[in-house]
Amino acid sequence: MDLDPTREQKDFRAEVRNWLKENIPKEPLPSMDTQEGFELHRTWEKKLFENGWSVITWPEKYGGRNLGVIEWLIFEEEYYHSGAPGRVNTNGINLLAPALFDFGSDEQKSRFLQAMASGEEIWAQGWSEPDAGSDLASIKTKAQKDGEWFVINGQKTWCSRGAWADWIFCIVRTDPDSERHQGLSYLLVPADSEGLDRRPVKRLDGEPAFAEIFFDDCRVHKSNLLGGEGEGWSVAMSTASNAERKPDPSLTEEVVDSWVRAHAYRWQAQRTATRIIEGESLNSEPSIMKVFWSELDVELHATALRILGNRSDLITDWIYESPENEWLMGYLFALAGPIYAGTNEIQRNIIAERVLGLPRK
Ligand SMILES: Cc1cc2nc3c(=O)[nH]c(=O)nc-3n(C[C@H](O)[C@H](O)[C@H](O)COP(=O)(O)OP(=O)(O)OC[C@H]3O[C@@H](n4cnc5c(N)ncnc54)[C@H](O)[C@@H]3O)c2cc1C
């Protein structure tokens, strides 16, 4: 692993930093988990796309720059340092797009990728159900074949930004006699389909960040099947791989610990990138990374709240208007980290069995 950036990489970092400095909105956008904020974040996505910053690793024909994983890491570091708006189409760009690249037909790639990169079409993930979260294979939402169409019935839940998204990628059971991982299919569903009802659900911070999705004879054309019929599990798994007051001196250790762990995470990400470039398989390593960052995120925010003391409890009308509120809102969202993207208990099961080779029982 070479930690010294090349001349080109230094130039690239400077180019990203300058562009962001000149272009990020002067005032923070309203939360993307509100309807107004959602649309303003869409406009920001369009700007990123028009300037070639939306999907830098993708092929040029889909709006990317064909850059490598190290450039992507540089871009991400600069992006987050700059305080640029969150990426409202992250479900599309980070979760669905890799599956589209691996399993999509040429028609599907042409139809969906560029519209995703430009923010014209924003995606939501429709996987979880009331009785299927960690145990995703127990999903019950059915899609029955009817000629050229799939007819969907059932319910999805915890669909982030599902109330305003344009499309939803869903896993549904297409073989009624199947069980568990068998007989599932991956469908791309227009959110304005007849027979699809979206009901917003408020999150802990009071914002309607989630939606429940109800399907009642909702018809989706077979051209929106990603991968083969019954191959939904394989497709899904490809998706899955400041304050004025001085800090209390007793908190110094916690701050240093967070700093050290954040840097350890950064170097580990560099190491992972090097392994990807060298064609190595990551096996279950992402599970270790997921437990590490999600627990660090909670502890780092908790330390910040302890430094802020009582002021961190004062939520004003506009929750993101002060640094104190930002830390509190960040903490509330960090609490979700050990749950989403596969809970940490499940990740620890994977680490125990597949990395350490421990027996299942
Ligand atoms: C912020 C956020 C955003 C989300 N966005 C989306 C989205 O856009 N689309 C979507 O489809 N879903 C989304 N989800 C849902 C998320 O994927 C599920 O919450 C998650 O998979 C856990 O499922 P569950 O809530 O049903 O809990 P359960 O699966 O019922 O788990 C409850 C508890 O039991 C533990 N547990 C379960 N099984 C085991 C086991 N075998 N061994 C040890 N412990 C176990 C879990 O770790 C957890 O602590 C989101 C969730 C959050 C918090």
Determine the pairs where a residue that is within 6 Å of the ligand (Cβ to nearest atom), located within the stretch 334-345, has a partner that is open to solvent by 30 Å² or more (accessible area, probe 1.4 Å) and among the aromatic types (Phe, Trp, Tyr) with Cβ atoms under 9 Å apart, the partner being 6 or more residues away or on another chain. Tyr340/Trp158
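Listed here are the residues, each with its yes/no results for (1) under 22 Å from the mean Cα position of the chain (by Cα); (2) more than 16 Å from the ligand (Cβ to nearest atom); (3) closer than 26 Å to Phe333 by Cα.
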residue	(1), (2), (3)
Ala99	yes, no, no
Asp102	yes, yes, no
Glu129	yes, no, yes
Glu148	no, yes, no
Trp164	yes, no, yes
Ile168	yes, no, yes
Asp175	no, yes, no
Yes or no: the stretch 66-75 includes at least one residue that is open to solvent by 30 Å² or more (accessible area, probe 1.4 Å), away from the ligand (no atom under 12 Å from the Cβ), of a type in the set (A, V, I, L, M, F, W, C) and touching a Leu at 6+ places or on another chain (Cβ under 8 Å). no
Anything in the stretch 13-24 that is under 15 Å from Gly52 (Cα atoms) and under 25 Å from the mean Cα position of the chain (by Cα)? List them, or say none. Arg13, Val16, Arg17, Trp19, Leu20, Asn23, Ile24
Assess whether Ser110 counts as being more than 16 Å from the ligand (Cβ to nearest atom), within 30 Å of Gly63 (Cα to Cα) and either touching a Leu at 6+ places or on another chain (Cβ under 6 Å) or open to solvent by less than 20 Å² (accessible area, probe 1.4 Å) (or both). no
Pairs, first of a type in the set (Val, Ile, Thr) in the stretch 115-130, second open to solvent by less than 10 Å² (accessible area, probe 1.4 Å) and away from the ligand (no atom under 16 Å from the Cβ), C-beta under 9 Å, six or more apart: Ile122/Glu45
Scan the stretch 76-97 for residues that are open to solvent by 40 Å² or more (accessible area, probe 1.4 Å), within 16 Å of the ligand (Cβ to nearest atom) and more than 16 Å from Ser234 (Cα to Cα) and jot them down. Thr90, Asn94
Can you tell me which residue is surrounded by the most Cβ atoms within 10 Å (Cβ to Cβ) among those in the stretch 122-164 that are among the charged types (D, E, K, R) and part of a strand (DSSP E or B)? Lys156
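The values are calculated or read from the model by the stated rules, or taken from the named source; none is laboratory data. Predicted, not measured: the structure shown is a model, and the values here were computed from it. For neighbour counting, all protein chains shown are included, and Cβ atoms are generated from backbone atoms with ideal geometry for every residue, glycine included. Ligands, DNA and RNA are excluded from the accessible area calculation, which covers all protein heavy atoms including side chains. Shrake-Rupley method; radii C 1.70, N 1.55, O 1.52, S 1.80 Å.
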